[in-house]
Each structure stands twice: as structure tokens, then as C-alpha cells.
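The values are calculated or read from the model by the stated rules, or taken from the named source; none is laboratory data. On a predicted model such as this, the values are computed, not experimentally measured, just so you know. Reconstructed Cβ throughout: ideal geometry from the backbone, glycine too, with neighbour counts over all protein chains shown. Note: accessible area is taken over every heavy atom of the protein model, side chains too, but ligands, DNA and RNA are not part of it. Shrake-Rupley method; radii C 1.70, N 1.55, O 1.52, S 1.80 Å.
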Amino acid sequence: MKNAIRSWVKALSGSGRVGLSLVMLWLFLAVFGPFLAPYDPGAFVAHDVFAGFTAAHPLGSDYLGRDVLSRLLSGARYSVGLALAAALVASTTGTALALVTAVSPRWVDEGISRFVDTLISIPSKILSLVLVAVVGSSLPLLLLVASITYFPGAFRIARSLAVNLAQMDYVQVARCRGEGAVHIALREILPNMIHPMLADFGLRFVFIVLLLSGLSFLGLGVQPPDADLGSLVRENISGLGEAAPAILMPAIAIATLTVGVNLLIDSLPGRGRRIAGKE
Amino acid sequence: MAGPATRGLLATALPLIGKRIASGALTLLLVSLVVFFIAQLLPGDAAQEMLGQAATADAVAALREKFGLDRPAPERYVRWLVGMLTGDPGYSLVANMAVADVIAARLPNSLLLAALSALVSVPVALTIGILSAMHRDTRLDRGLNVATLSMVALPEFLVATVAVLIFSVQLRWLPSIALIPADASPWLVLRSLAMPILSLSVIVIAQMARMTRAAIIQQLNQPYVEMALLKGIKPARVVLTHVLPNAIGPIVNAMVLSLSYLLGGAIIVETIFNYPGLASLMVNAVTSRDMPLLQACAMIFCTAYLLLALVADTAAILANPRLRNR
């Protein structure tokens, strides 16, 4: 096991290893961040608002004189956790629907595909704005909105994989053996699409982090007193004229997370260079 | 110029393009159904919202009848759709004026911003894409790959805030709010738009350059390129005279598809610079739950997106002889 991990890391390119370290760092901060915070994220601890870098407040203070580092460490939980959960729901839903279409009669496939194609034709930010206007922005509903917005992309990729796999000889053999649809979907097709879908899961995660922090930045995402990294940028926007670290640091934090995942995925072994993007 | 070859091309390509237009129209119809359906999920309706909680049941019922809200959903959908098509998408409750008028004031601003951003980003992206395809797998290509890969993952508000910090806070060159006075000279308009354009371009360029690179590399792998190289033609010349004309279709396709990033990017960029465009209008509509306005804005964005996809596919059809003869 240890050797397998070591050789996997060795196969990564330089930028891939940078990406891997950033991803590990953020996963760590999402779990332990609140315990590492030097101050209570809600407490007014600095003498000055929008202060610069000092020893007492390494990342400065925010518009109310709270410690930016502490708020950032507690905000990581929302940005990473919510996006992970939503990406998981989106990828699982997309994969499950794709498996259903691969083993179902043609009309089921056409119905589901038509519906998903319609959702894909709505730009993701527009779809999520309309959804948020209707359902609001509590944490569970934000998770739902992000999953609805990004499952169609996962479905499209999973479906093209599943349709190709369904034509393979060993699947035909399983059919002739008289295996049921569930067995074929879960035992024959699914194991062979796990790897590309894991890479796609990483991309979904990046899209969703950007979407949710964008919504929070617009004031439509995570609501106070909770704050994700996008909310931190929003609440300190008045410090822009003073070039306060309070506004730049959370934005840079998000960038290190999303860039890290993108670099890691791009250098995964066995994958040619691909066009990563925000869809 | 309409020689027999051109006419033959059009004769085979036109039915394909017609088919593509029809399927785009069908998708747009389905999209309108989805948008209308989602909007229906909102608890309460416009009449309730307008009159507030204290309104009597009679007053709400009267207003409902006035707006046709007491009709069954399918009838309301058809009315709304016909309204959208005839240029009357309803009444904005918050602005207290016709949605068409609210949008008419904002749409030209957004189109101007999008057009100027496209004008800036296309040449830059083309250059990066061609450079990195020509120097495939060299240090330059790998560097550009990491750069564009990182740029596509940047949050839009980081790009915009860094632009403000550099150009208006530190250098004091450009205004940080994109307000355009009615009688502004073209130079002043350009100056106040410079930062929104810059931010939007950064967002679009990375994606566009990556797709351009992929399109050109696909051509570079063709046998005719190897043939030309074996004949001793210089690589730069091969790319310019042999590959580019053949890759024009895929490149246009990639460019137009990446331009759809402008739609999403505009939402953050217009908001951060207080730019009076359609995207910031849509954000306001979400905040105030102004559903008629929101639905109309959403449909305009979806139409723009589908139009871009249509243009991209048309370019691919016109450029690909195999697709034409199928």
C-alpha cells in the first residue's frame, strides 16, 4: 500500500505534486482549521479595522476588527465541505443515471438524455441564480442547487463511457449468461468507468467551489453568521480602496484550492492533456 | 465569388445547418419550460409579494385576476411564452415598469462590454494557442499549460479585485467604477470600461487558448503535415500556410464556445464594477425575487448561449467536408 502510494506520487509531474500538496493542505484545514485558529472567528480582537500584516494578526484584520486568519480557517470548512458534498451528489447522480440509460430500453435513454441536454443548455451560473431565487440559500439548499447545476455534465461524460462499455464483448457475454440489468450495470460497466469519473469528480469540485464562492460573493450563498471564503471577500469589499489583506487573502485562498485541484487532475497518470475548464 | 464549388458547398451544408437551427429552437423551447417550471416553485405569487403580508384576501384575489395569476399554469406558460416572443415579457414588480423597458436600458451596455472583451481576448488567445501548439511539449508549452490551467480555475472576483488594486489603487490610472455618463466621449467610455474588459478577457483567454491549442494539435497530427515537413518546409510556414487554413473551422468553433464564458463571468464582473448591464440586473432580480424580470433575463442569457453554440456548430459544418457529405 505504502509503495503503491509512493509510486503514484512519483508518476505525477512537478506541477501535479504542487497540486497534490495544495489539495492535502486544504483537506487538512477543512477538518482541523477551526482548532488551529488563534482567535474566536466572531470576536473583535484587533485595535484597527482593515489592518495590514502584523505578528498578532498574520493576515490582518477585517472590517469589524476581527482576525482574518481565524475567519479564513473557519470559512475553509464551508467552502471545502459544502463543495465536496455537492460534487459527490452531482457525480453519483450523473453516474447512476448514466448506468440506468446504458441498460434500459431506448426510450428511457432518450427521455433522460433530452432532459439533461436541456439543463446543460442553461449556463450554470444562470441556472443556479434562478434556483437560488426560488429556494433560497440555506446550507442544504445550496448543496442541492450546486448538485442540480452540475450533475448534467457528469451525466454526459458518464453516459458516453457507459454506452461504449455496454458494447464490449465481456458485457455481451454477461448478457448471454442471463445476468440481470443491475448486475451488468454495477459489476460489469461501473468498475471500468470509475477512474475517469474520479477525475471528473475533481473538476466538478472545482466548478462547485467557484460557483458557491461566487454566489456568496454576490450575497446569495452562505448567509451570516456562517461565512465561507466567498462571504469573506464580500463582507470586506469596502476595504478594496485601502488594499486591505482582508479582501485579497480569502480570494487567494480560494484560488490556491481550485488551482491545486486543477493541477493535480491535469497530471494524473494515464490521462493525456485535456481541456480542463469551467463549463 | 459564388462559383459552382461554393454553390455545391452551400447546397450540402444548408440542410444540415437548417436541421441544427431547428434542434436549437426545440432546445430553447424546452429551456423556457424548465425556467417557467422552476419559477412556479416559489411559494406565494407576485400579487402576494406586491401587496405584502397585511393585504386582505380580496385585494390579493383582485390583483391576481388582473395579472392573470388565477389561470392554470399551462395557460400562464403559453401567455408568458407568447409575451416573450412578441417583446412583452411582463411587468417588473420591483422596478414598477415593463420588463421590456428595464431590459432595453441595460442590454446595449452588456453587448458593448461583451463585444469589446471578445475583441481583446480573441487575438491574445489565438497567439497563445498557436505558440503553444507550435512548440508542443517544450518548456514554453508546459509553462503556458500550467499558466492557462491555473487561470481557468481562478475565481472571477479575484481577477477583478487584483485589477482594481493594481490599476486604480496603486497606479491610479483607471476608475474603479464603470459608470458611463450619457454624453461621454468614446475615449472616456473606453477608459471607464477598461477594467471590466480586462477582467472578463483574463477569464475567457485561458479557456480559449487551451481549446485553440487542442484544435491546432489535432491538425498537426494529420499525415499532410508530416508530408510537408518531410519535404523540408519550415515548421512556421507549415503552420501558417497549411495548418491554419484547415484548422479555421475548429478554431472558430473553439473561440465561439469559449465566448460563452463571458455570460457567467459578466455576472461577477458587472456586479463588482457596478456596471449597469444585464447580468447585474439579473443579480438584483434574484435579490428582490422579481420573478418576471428574472425569467426574462434568464431567457436572454440562454438564447445568447444557444446562439453561440449554433454559430460554433455552423462553423464546424462549413469547415468539415466529411460532415458535409454525410
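Data for the structure
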| read-out | value |
| --- | --- |
| Coarse-grained scattering of segment A:145-279 at q = 0.21, 0.22 Å⁻¹, given as base-10 log I(q)/I(0) from a Debye sum over alpha-carbon atoms | -1.18, -1.24 |
| Rg to Rh, two decimals, where segment B:228-310 supplies the alpha carbon set and Rh follows Kirkwood | 1.31 |
| C-alpha center-to-center spacing [segment A:29-83, segment B:61-118] in angstrom | 43 Å |
| Most mobile listed residue (B:289, B:237, B:79) in chain B, GNM with C-alpha springs under 10 Å | B:237 |
| Residue-normalised accessible area of segment A:64-135, given per residue in Å² at a 1.4 Å probe | 34 Å² |
| Largest to smallest principal axis extent of the C-alpha atoms in chain B, angstrom | 86, 56, 35 |
| Degrees separating the helix B:278-287 axis from the principal Cα axis of chain B, which is the longest one | 40 degrees |
| Per residue convex hull volume, Cα atoms of segment A:21-75, in Å³ | 79 Å³ |
| Label point distance in nm, residue B:23-residue A:106, each placed 7 Å from Cα along Cα→Cβ | 1.6 nm |
| Cα-based Kirkwood hydrodynamic radius, segment B:181-326, one decimal, Å | 18.2 Å |
| Calculated P(r) tail over 17 Å for segment B:129-179, as whole % of Cα pairs | 54 percent |
| Most mobile listed residue (B:213, B:172, B:106) in chain B, GNM with C-alpha springs under 10 Å | B:172 |
| Sequence-separation-based contact order of chain B, relative, with Cα cut under 8 Å and 6+ spacing, percent | 25 percent |
| Surface accessible to a 1.4 Å probe, residue B:134 within the full protein complex, Å² | 80 Å² |
| Hull volume in cubic angstrom per residue (convex hull over the Cα atoms of chain A) | 156 Å³ |
| Size descriptor, Kirkwood hydrodynamic radius, that averages inverse alpha-carbon separations across segment A:182-256, Å | 14.6 Å |
| Label-to-label distance, nm, for residues given as residue A:25 and residue A:96 (7 Å Cα→Cβ offset) | 3.6 nm |
| Interatomic Cα distance distribution for the protein assembly as shown, bins of 20 angstrom, percent | 17, 50, 29, 3, 0 |
| Chain B - percent of accessible surface contributed by carbon and sulfur, probe 1.4 Å | 67 percent |
| Cross-link reach list, lysines versus residue A:125, counting only Cα pairs under 30 Å and skipping chain neighbours closer than eight places | A:278, B:19 |
| Distance (nanometres) between label positions extended 7 Å along Cα→Cβ at residue B:140 and residue B:307 | 3.8 nm |
| Whole-number Å³ per residue for the convex hull built on Cα positions in segment A:115-198 | 120 Å³ |
| Taking the convex hull of Cα positions in segment B:187-252, its mean projected area over all directions (nm²) | 5.9 nm² |
| Shielding of A:115-125 by partner chains, average beta-carbon count, 10 Å | 6 |
| Hits among lysines - C-alpha to C-alpha of residue A:10 under 25 Å, sequence gap 8 or more where chains match | A:2 |
| Gaussian network model of chain A, Cα within-10 Å springs - most flexible of A:54, A:149, A:256 | A:54 |
| For B:303-315, mean number of other protein chain Cβ atoms within 10 Å | 1 |
| Dimensionless Rg over Rh [segment A:1-142; C-alpha; Kirkwood] | 1.12 |
| Note, ³J(HN,Hα) from phi for segment A:39-50, Karplus 6.51, -1.76, 1.60, rounded to Hz, x at Gly and Pro | 10, 5, x, x, 8, 8, 10, 8, 6, 10, 8, 6 |
